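What follows is one structure encoded as structure tokens, with my remarks underneath.
Nothing in this text is a laboratory measurement; each read-out follows from the coordinates by a stated rule. Nothing here was measured: the structure is a model prediction, and the numbers come from that model. Reconstructed Cβ throughout: ideal geometry from the backbone, glycine too, with neighbour counts over all protein chains shown.
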Amino acid sequence: MDDKKIIFSGVQPSGNLTLGNYLGAIKNWVKLQDEYNCIYAMMDMHTITVRQTPADIRRRTFEVLALYIACGIDPEKVTLFIQSHNPAHAELAWVLNCYTYMGELQRMTQFKDKSSRHAENINAGLFTYPVLMAADILLYQADFVPVGKDQMQHIEICRDIAERFNAIYGDVFKVPEGMLPKVGANIMSLQEPTKKMSKSDENPKAYISLMDDMNIIAKKIKSAVTDSEGVIEYREGDETKAGVNNLLSIMSAVTGREIDSIAAEYSGKGYGDFKGDVAEAVVECIRPIRQEYDRLISDKQYLLDICAKGAESAARISQRTIKKVYKKVGFVV
Ligand code: ATP
Ligand code: LTN
């Protein structure tokens, strides 16, 4: 291996990827692929913490892979694989479960949120979700984990578990750091802009899916909730401005322009003009991704070959960590 630092990240194939997933995570991954050794996975094992239709997981796993590549991830430079293809994730997760406290898992926002939304199925996997995520990252001795803001609490618990384990057994795990994008780390719902944009939102008008038709995307942006003040201004922390703040962040993230300069350009103009331009910018950002995606998704064999090669290399790298961990805890290796 060369001396490049290691990056690990992934997305769950639990729904159609949103503009939030793209701007918060995947867009950032593309920028990192030359400078780092990047490993990106489809986190299928995490999706079954919530009840799913099996055929949907299978189809979406390929969709997510095709989207990664359509967004600009180069399979020649990056390791791309399906989480369940490398058994080391489940193996390390078991060990780490025994070094994680119930109390710290109980405090996780995502657990509280998802268990209230799925009250009929609060399973043990949903509870230990962050432990599997810690295993994903620690297996590869990752230095950095590029994610959106909502995942930072999971990165924190991963660091705590790694430090706890290292304190007992010596330097086994690299303690990773989260990496947030400069803009786009927290794209909000278009309908309730104080909530994050989420692919599992029951109201499809709340999110932009990368799979939406271009005219639907434009419509969703034009009907985004704003306020009655009529002033295009970014006011951090002002909940009444959450809708406008969000549209400004989206515009900034898709065009690469500074928020202040966008706000200045629209000062004195109405929301209608502004939304029309945001809609156009978002459509122009997604259109080429969609075209490339449509081409890739029809070539199943190509996608299968990529994840077979990726799984082999992922298994090879992670075996080193598994061996070390098993030896340290006292298993016969
Ligand atoms: P779900 O709704 O099923 O929990 P999700 O839409 O939150 O899914 P994930 O698969 O959990 O998506 O997240 C994938 C990546 O996208 C993570 O790095 C996450 O931080 C990022 N992400 C998700 N939603 C947003 C958002 N609204 N803004 C910025 N980044 C986001
Ligand atoms: N929980 C993450 C998906 C995920 C992940 C990971 C991200 C699972 N394992 C490891 C980064 C590193 C989410 O985005 N919901």
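For this structure, a couple of remarks:
- Only one of the numbered conditions (1) surrounded by 14 or more Cβ atoms within 10 Å (Cβ to Cβ); (2) closer than 19 Å to Leu65 by Cβ is not met by Met251, and that is (2).
- Region 97-132: number of residues that are closer than 19 Å to Val145 by Cβ, part of a loop (DSSP other than H, G, I, E, B) and among the polar types (S, T, N, Q): 2
- Residue list for region 266-287, restricted to those being charged (D, E, K, R) and under 14 Å from Val244 (Cα atoms): Lys269, Asp273, Lys275, Asp277
- Subset of region 293-311 (residues that are within 23 Å of the chain's Cα centre (by Cα) and of a type in the set (D, E, K, R)): Asp294, Lys309
- Cβ-Cβ distances below 6 Å connect the following pairs, each with a first residue in region 202-231 that is touching a residue at least 12 places away in the same chain (Cβ under 8 Å), a second residue that is part of a loop (DSSP other than H, G, I, E, B) and polar (S, T, N, Q), and a separation of six or more residues or different chains: Asn203/Gln191; Lys205/Gln191; Ala206/Ser189; Ala206/Gln191; Ser209/Asn16; Met211/Asn16; Val225/Gln191.
- One residue from Gly237, Gly243, Gly178 being small (Gly, Ala, Ser) and either within 30 Å of Thr321 (Cβ to Cβ) or within 16 Å of ligand 2 (Cβ to nearest atom) (or both): Gly178
- Restricting Ile69, Ile122 to residues that are more than 30 Å from Gln301 (Cβ to Cβ) and either more than 16 Å from ligand 2 (Cβ to nearest atom) or of a type in the set (D, E, K, R) (or both) narrows the list to Ile122.
- Residue that is part of a helix (DSSP H, G or I), within 23 Å of Leu67 (Cβ to Cβ) and of a type outside the set (D, E, K, R), where the choices are Ile286, Ile262: Ile286
- Residues of region 181-209 classified as surrounded by 17 or more Cβ atoms within 10 Å (Cβ to Cβ), touching a helix residue (DSSP H, G or I) at 6+ places or on another chain (Cβ under 6 Å) and of a type outside the set (Ser, Thr, Tyr), total: 13
- Within the span defined as region 139-150, one or more residues are in a helix (DSSP H, G or I), at negative phi and under 16 Å from the mean Cα position of the chain (by Cα).
- None of Glu104, Glu120, Glu156 is surrounded by fewer than 18 Cβ atoms within 10 Å (Cβ to Cβ) and either within 13 Å of ligand 1 (Cβ to nearest atom) or within 19 Å of Val50 (Cβ to Cβ) (or both) except Glu120.
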